[in-house]
Each structure stands twice: as structure tokens, then as C-alpha cells.
Amino acid sequence: MSAFDPIAAVAAAVASTDPVGLPPSVGDPVPILPVPDDASPMNWRHPKHGPPSATWAYRDGAGRLLGYDARWDFVGPIGPDKIVMTVTWCGNDGWRAKGFPTPRPLYGLDTLATDPAKPVLVVEGCKTANAAASLFPRYSTVSWPGGCKADGRTDWLPLSGRDVLVWPDNDPEGIAAGRRIATRLVALGAASVAFVDLAGWEAAKGWDAADALAEGWTVEQTAAFVTERAKQLTEPPRPDGWGNPDMAVLALNRRSPPAFPPELFGDLWPLVTDLADGTGAPVDYIGAGMLAAAASLIGGKRRVMPFATSNWAEPAILWVGCVGDPSANKSPALGEFIGAIATLEAEKAVEFAPIAQAYEADRARAMMENEAWERAVKAAVKEGKSTPPKPLAANEPPRPARPRLMVMDATPEALWDALEGNPQGLLNAHDEIAGWLANFERYSGDARAFWLQSWTGAQWTVDRKGRTTGPLVLPFTGVSIVGGIQPDKLASALLRGDDDGMAARFLYVWPEKVPFQRPRRLADKGRLERVMRRLASLPWAFNENGNPVAMRLPLDPRGSDLFERWKQDAGATADEAGTLFKGWDGKAGALVLRVALVVELLRWADGDVPDAPCVVSAETLATVINFAEDYAKPMALRVFGDAALRPVDRNAATLARFIRKNGLASINARVVRRGPPKLPGLGEVSAMNEAIALLVDAEWLRPAPSREGGSPGRQSSNFDVNPAVLGTGGEHESVGCGAASPPRSFGS
């Protein structure tokens, strides 16, 4: 990711009103872990150096905030220097430069909890951990607070039972700390521990994974370096003769998902977390739903202008794809916003009822007046008199447009009709985006072309046969999209075939599934509806002819400068997914502007200020740039990297997940291939054989051919499953293997 830090840039340009570092109160402040949901945002400033240059959030396994490591960069007596301090919430004392209680938590516990099967990489420092995550996509990356002299105060127990690789900093203190950590992990019962030996490595003092990333190292280059230098400290023997299974086949070498940044929603974050708890979904899906719903309600009524010297203006249109397996609770999460918008639409329907009733009355009157006039015309013709003029009352009144805010399964024609009567735009909500994409084939080529253009909000003209009033002209075609899509369908429906830019238009969220837990408190859905209602009631601006037009919100001057510097710096983004990511990255500027517009208005809608903002602040823009760099781009790389996977890797992962889900001690390839259930990608003999061969190499499966009665002939395609992949050495069921006892015929 880019090294540009928008928060630091804004902080340097704005005289902050945040409190500076204060002396301790009477009695030593005591950190509170986790940080309460009603705590204020972290606002501690160093008494000499001001706001931090960078911060890293510590979270527990459930994603709850524990505190921050904060860094200050400055010029000291002998040149550039830095300090790193831990900042924690201390109740009535607020945020303080106070270390975590001993034993201190690891940095990365939240990512560690997402996949207990992943190997773990230990590095020194949060910055290095984030960099290493890019170079080690198959690992969960952790660090510890306090640096190389504080490893003994850290709780390393979460790494018990895990495969761990320790990569120290290239200096005597760092190497010594790394060796202490590795020794400690062996004693704690880590499944295996390896240490990257830097002896003889000619690099600068303190060189680490962050420096490797800055030097342009690739994932392959890093893997080769570690393979060459890693020394195994311990690898517990396997008495059953099995090797250690490669659990990374489950992850498909995917990038680990970044954590959703709470700063994006500010005071609304507690509502986001409560809605996520209530639906059992990751906060990512709630955040995505809120952005898409808010964008649709703002629609064509507002645009954001990055520069006063340009006509460039972006509308509030967002396309959001929520990627995840069927059990990831995407639908319940998005249902919160679909339900809120449906409530608003129902209210508008009640208001519309008397208007529709009056129209029907006027229409009936016009029909009667028209019939009377036609009779008068006939009589005049019969009597040779002049044709009487048609009275105004005989003209059918224009049909009022039913107020709409959302569509869910509309044909292009029905959508065009809805947009004709609702010029602000709509939300197109889908339980499965793949179904929406598949429908393109049912209609003419105009459907896909229309959707590609609707992302821009540009005018669309439809010439219809039989239309007597001329072509249908839609001045604004803004339709925001939100919906779920499964990883396998994502690859086949959206990321395959010709790249026409459809995939590049989406903001992707693809978090790990969260473990089930009882909600901590009831979400304030009244607050959600109030926010949505205020956005829906935003007024139009009007041009000199009295026609409604979008109000243009400029970035404030500092925001324009910030946006320019970020766009110039964004060219340094690593291209790790080919042309698909290039297309997405090319639209990142528009995405940042659109999200900044939505976030600015969301924060207004959640407050009590009557007038909506007329500018987008630099502070809001900085927060959204951070969101783009630290979340949206890594998510896009995760999605597009998955699209580039070999089919055999995807098929092997499908089979591996099936084995784990069902707790199988053995399988029969023929029976599994035939199903039911039919496993995607594994219906062909060759595909099944290739997937099994990969799992055999990965120490997941071992051939166990047999033939009933021991008679000669073709052996069955039975395979035993390594007990280690199931998390236990106990007995498990078999699928389709006649030799298992007791046997269970697959599909019976």
C-alpha cells in the first residue's frame, strides 16, 4: 500500500483542538480493556510533538478495541527520529499514554482468531506486522507492544498449538528478542516453531519485513528468503505416521482480510457494532450496507467536486459487493438497511395514496369529458357545423409517479419507468448479485450497457416502439447496488470473461466469518431509521429555470490539496492482481470522493444541525483516504487475487472444506464426485483426481485402496483423512468407503 498518511497531512495543516498530553491525575490511571463502546475517539496528543503520525489498533479475538500503539516522527538533534507509545483508555482520565496491563495482548489477535488453522508469523512492531501481512498472505501476522525489551511481559498463550515462524529485526537486540520468543513458544506447546536466521545477512541495522516490502520484494521472493533461512526449532513427531498437513489449502493462498476501520463512521460506530452483533455478521457487511443505503437516498441531489477549477463532480452512487459463504450472515446484515428503506417507502406509499386517488378521479372525469366532446364532434360533422374545440378537462391528466426508493428484481424496462418518476435514483438490492448478473443474458445487450453507464449517473435515452410521447429521457440514472455473492460465484459471474469495467465499479467487502455469540445489547433501529429519513429528505437545488438539479459540494481548499497529493502518490500502489486490479485502482479516486460525500452527509444526518453541509471537509476526506488505502484496496486485491487462482487450488479447497465440515475420516472419490451434494468444480473425473492429488501432496489424504473380499481386480478409490486436519485424533465418519466401520454410504 502507499506510504502516504492523509491523517498526518491534515493534522499538520489544521490547528487541532484535541487535548494535549496531560499530567496524570491523582492516583495512577488504570487502563480499561476492552475499550467501552461509548468511549470517545482516541485524541491523545504528545505534549511536545502533537498528534501522532500513525496509530495501530489492538483488538481482542472478538474484534473489540483494546488500545493503540501511536508513533510520532520528528527531527531530533542528530536528524530524523521517532517514538512509539501505547495509548489506552483510562475511564474518567480518558485516553492516556499508559501501557497495557501485564500480560500484555498481542497485536493481531483479531486476525489470529479468524482462522485457527493458519500458521502464524511473529515480527517486531505493528508497522512491520502490517507490511508482513502483504508478503505472507498464508499467515496470520502478530507483533507485541513495547519492542524488543518487552517480549517477556506479553501473553504468548494464544499461539499455543499453532505453527509459528519468528522473523526478528536485523539487530542484536531484535535477534535476541526473537530467540527468546521462539524458545518461549516451544515451552508453551506451539505445534511447530521456526526462526528466521539473519546471520550473515547484509542489510541495514533493524532491517525487517517492512523494509523488504518498501524495497519491492514480492510474495515469491519473500517465501524463498524464508525457506532458505528458516531454522526449525521443534516439530512434534506424529506417532500415526502422518506428516503435518498444509492447512493453507483452505485459505487458497488468499490475502487475509483487513479490519474494517471504525473511524469511517465516527459516532455511528456503536450502532454499526450493535447491528452486527444482532445479526451475527461481521461489521464489514453492516458498514457496506450503510454506505450503499445512504448513497441511494442521497442519489442525484448531491455531487462532490474535488477542485474548484474543474467541472469534475462525482454523484452519490456506490456499488457494494458483500463476498462470503452462504453461512456468513450477509443477508441478515443487509436486511437491516433494506428493512429501513422499505419502511420509508411504505410511508411514502401512504402519502401517495390520496394523490393516486385524486388522479383516478381526474382521469375518470377526463374520460367522461372526452366522450362528451367526441359526441359533440360527431353531431357537428353530421350537421355540417364547425368542430368544437376540445375542452381542457377532456385531456387525461399526467399519471403521478409512485415514490420509490428501492428495487429488488426489476427488468431494465421496469427500472427505467421507476427512474422516470424518481429522478433522485434508487437502491438495487440483491440477496445474490450473481443472479442479477445472470439476468443480463435474458435481455438485450442494452441491459449491460445501461448498468455500466448508470454507475456514472449519466443521461440514458430509450426509444420505444409504440411510445407516442417521444423517447424516454432519464437525466440521471444513478442506481446504487448492494448484495451478497459467494466466492465461487464471484469468480465465475463477475471476474471471468472480457474485462468491460463491471468488476472495477464495485467496493468489495470479504471478511472472515465471525464466531457465534449472544448480542451484547439491542441495536437502536430508531436511530438508523432517523438517519435514513434525514438523508431521504435532503432537498434539491434548482437551476434558473426552476428545475431540480444536484447541489455541488466542493472539497474545502485543504481537502483539494490533500486529494491531489494522494492521487499523485497513489501510483506507487503495488499491482499484484493484473488488469482487474488496474481497472479497479483507476476508479479509486471516484470511489474516495463518493464515499467522502456519503460519510459527510451520514454524520450530518446523525446529528441535530438543521442545515446539511455545503462542503466536504479535509478531515472527512483524510479518513476516507485511509479507508481506501488500508481497507478497500487490500479487499480488492483479496478478491482479484482469488480470481487468478488455478482451478485445481479452488477445487482442492472445496474438497478440503467438505472434509472438515463433515468430520470425515475417509472418503471415496467416486461417490463424492457423484454426490449429492454436488461439489462445485468437482463433477469431472479429471478435476476430482487433480484435487485429490494436491491434497495427498499437502498431507491431507493418503490412498487406502481396497477391494471387497480381497479379490483381484480394480481397487476402490478410497482415501484416508489425516486426523490432524480435523483438529483431533479421534474417530470420524467415512464417506462412500465400504471399508469403513461402521460404514455410511454417501448420500444415503
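The values are calculated or read from the model by the stated rules, or taken from the named source; none is laboratory data. The structure displayed is predicted, hence computed values, not measured ones. Cβ coordinates were reconstructed from backbone atoms using ideal geometry, including for glycine residues, and neighbour counts include every protein chain displayed. What goes into the accessible areas is simple: the full protein's heavy atoms, side chains included, and nothing from ligands, DNA or RNA. Shrake-Rupley method; radii C 1.70, N 1.55, O 1.52, S 1.80 Å.
For Pro47, work out the one condition from (1) modelled with pLDDT under 90; (2) surrounded by 16 or more Cβ atoms within 10 Å (Cβ to Cβ); (3) of a type outside the set (Ser, Thr, Tyr) it doesn't fulfil. It is condition (2) that Pro47 fails. Residues in segment 210-220 that are in a helix (DSSP H, G or I) and under 14 Å from Trp167 (Cβ atoms): 4 in all.
I'd like to check something: does segment 613-621 contain any residue that is open to solvent by 20 Å² or more (accessible area, probe 1.4 Å) and under 19 Å from the mean Cα position of the chain (by Cα)? Taking every residue of segment 613-621 in turn, none turns out to be open to solvent by 20 Å² or more (accessible area, probe 1.4 Å) and under 19 Å from the mean Cα position of the chain (by Cα). Against the list (1) closer than 26 Å to Thr55 by Cα; (2) of a type outside the set (D, E, K, R); (3) modelled with pLDDT of 85 or more; (4) surrounded by fewer than 18 Cβ atoms within 10 Å (Cβ to Cβ), the condition Leu213 fails is (4).
Each residue in segment 285-310 was checked for being open to solvent by 10 Å² or more (accessible area, probe 1.4 Å) and over 19 Å from Ser454 (Cβ atoms), and 5 of them qualify. Return the residue satisfying two criteria in turn: it lies in segment 63-93 and is outside any strand (DSSP E or B) and open to solvent by less than 60 Å² (accessible area, probe 1.4 Å), and of such residues it is farthest from Pro41 (Cα to Cα). Selected residue: Gly63. I'd like the residue in segment 397-408 that is in contact (Cβ under 8 Å) with a residue 12 or more places away in the chain, out of contact with any Leu (no Cβ under 7 Å at 6 or more places or on another chain) and over 17 Å from Gly321 (Cβ atoms) and, out of all such residues, is most open to solvent (accessible area, probe 1.4 Å). The qualifying residue most open to solvent (accessible area, probe 1.4 Å) is Arg399. Among residues of segment 277-292 that are in contact (Cβ under 8 Å) with a residue 40 or more places away in the chain, those with a Cβ under 6 angstrom from a residue that is open to solvent by less than 10 Å² (accessible area, probe 1.4 Å) and hydroxyl-bearing (Ser, Thr, Tyr), sequence gap 6+ or separate chain, pair up as Ala292/Ser480.
Let's see how each residue does on (1) assigned to a helix (DSSP H, G or I); (2) at pLDDT below 90; (3) not aliphatic (A, V, I, L, M):
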position	(1), (2), (3)
Tyr631	yes, no, yes
Val639	yes, yes, no
Asp649	yes, yes, yes
Arg657	yes, yes, yes
Lys678	no, yes, yes
Leu682	no, yes, no
Met688	yes, no, no
Ala724	yes, yes, no
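Just to be sure, is Val35 surrounded by 20 or more Cβ atoms within 10 Å (Cβ to Cβ) and in a loop (DSSP other than H, G, I, E, B)? Taking the combined requirement at face value, the residue satisfies it. Listed by first and then second residue, the pairs linking a residue in segment 111-140 that is under 21 Å from Thr227 (Cα atoms) to a residue that is charged (D, E, K, R), with Cβ atoms under 6 Å apart and 6 or more places separating them unless they lie on different chains, are Pro119/Asp163; Val120/Arg162; Glu124/Asp169; Thr128/Asp208; Pro137/Arg255; Ser140/Lys118.
Reported count of residues in segment 145-172, each being under 21 Å from Val226 (Cα atoms) and either open to solvent by 50 Å² or more (accessible area, probe 1.4 Å) or part of a loop (DSSP other than H, G, I, E, B) (or both), is 7.
Within segment 478-516, the set of residues being at pLDDT 85 or above and farther than 24 Å from Ala447 by Cα comprises Val509, Trp510, Pro511, Glu512, Lys513, Val514. Among the numbered conditions (1) under 24 Å from Ser53 (Cα atoms); (2) aliphatic (A, V, I, L, M); (3) outside any helix (DSSP H, G or I), the only one that Leu121 does not meet is (1).
For segment 173-186, filtered to residues that are open to solvent by less than 10 Å² (accessible area, probe 1.4 Å) and small (Gly, Ala, Ser), the residue that is farthest from Cys148 (Cα to Cα) is Ala182.
Scanning segment 187-200 for any residue that is open to solvent by 20 Å² or more (accessible area, probe 1.4 Å), among the hydroxyl-bearing types (Ser, Thr, Tyr) and either closer than 21 Å to Arg162 by Cβ or not in a strand (DSSP E or B) (or both) turns up nothing.
Residue pairs whose Cβ atoms lie under 6 Å apart, sitting 6 or more positions apart in sequence or on different chains, and linking a residue in segment 600-611 that is part of a helix (DSSP H, G or I) to a partner that is polar (S, T, N, Q) and modelled with pLDDT of 95 or more, are Glu600/Thr620. Any residue at all in segment 5-28 that's open to solvent by 40 Å² or more (accessible area, probe 1.4 Å), at pLDDT 50 or above and either basic (Lys, Arg) or not in a loop (DSSP other than H, G, I, E, B) (or both)? Checked against the condition, which is being open to solvent by 40 Å² or more (accessible area, probe 1.4 Å), at pLDDT 50 or above and either basic (Lys, Arg) or not in a loop (DSSP other than H, G, I, E, B) (or both), segment 5-28 yields no hits at all. The set of residues in segment 98-111 being surrounded by 18 or more Cβ atoms within 10 Å (Cβ to Cβ) and under 22 Å from Asp38 (Cβ atoms) consists of Lys98, Phe100, Pro105, Asp110.
Residues in segment 134-147 that are modelled with pLDDT under 90 and in contact with a Lys or Arg (Cβ under 9 Å, 6 or more places away or on another chain): Ser134, Pro137, Arg138, Gly146. Entry remark, segment 231-245: residues being at pLDDT 75 or above and open to solvent by 60 Å² or more (accessible area, probe 1.4 Å) number 3 in total.
Go through the residues of segment 311-331 one by one and say whether even a single one is in a helix (DSSP H, G or I) and open to solvent by less than 40 Å² (accessible area, probe 1.4 Å). Scanning segment 311-331, I find at least one residue that is in a helix (DSSP H, G or I) and open to solvent by less than 40 Å² (accessible area, probe 1.4 Å), so the answer is yes.
Let's see how each residue does on (1) open to solvent by less than 20 Å² (accessible area, probe 1.4 Å); (2) among the charged types (D, E, K, R); (3) modelled with pLDDT of 90 or more:
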| site | (1), (2), (3) |
| --- | --- |
| Ala550 | no, no, yes |
| Glu564 | no, yes, yes |
| Lys567 | no, yes, no |
| Gly578 | no, no, no |
| Gly583 | no, no, no |
| Leu591 | no, no, yes |
| Leu597 | yes, no, yes |
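The criterion of being buried (at least 17 other Cβ atoms within 10 Å of the Cβ) and under 30 Å from Phe516 (Cα atoms) does not hold for Leu344.
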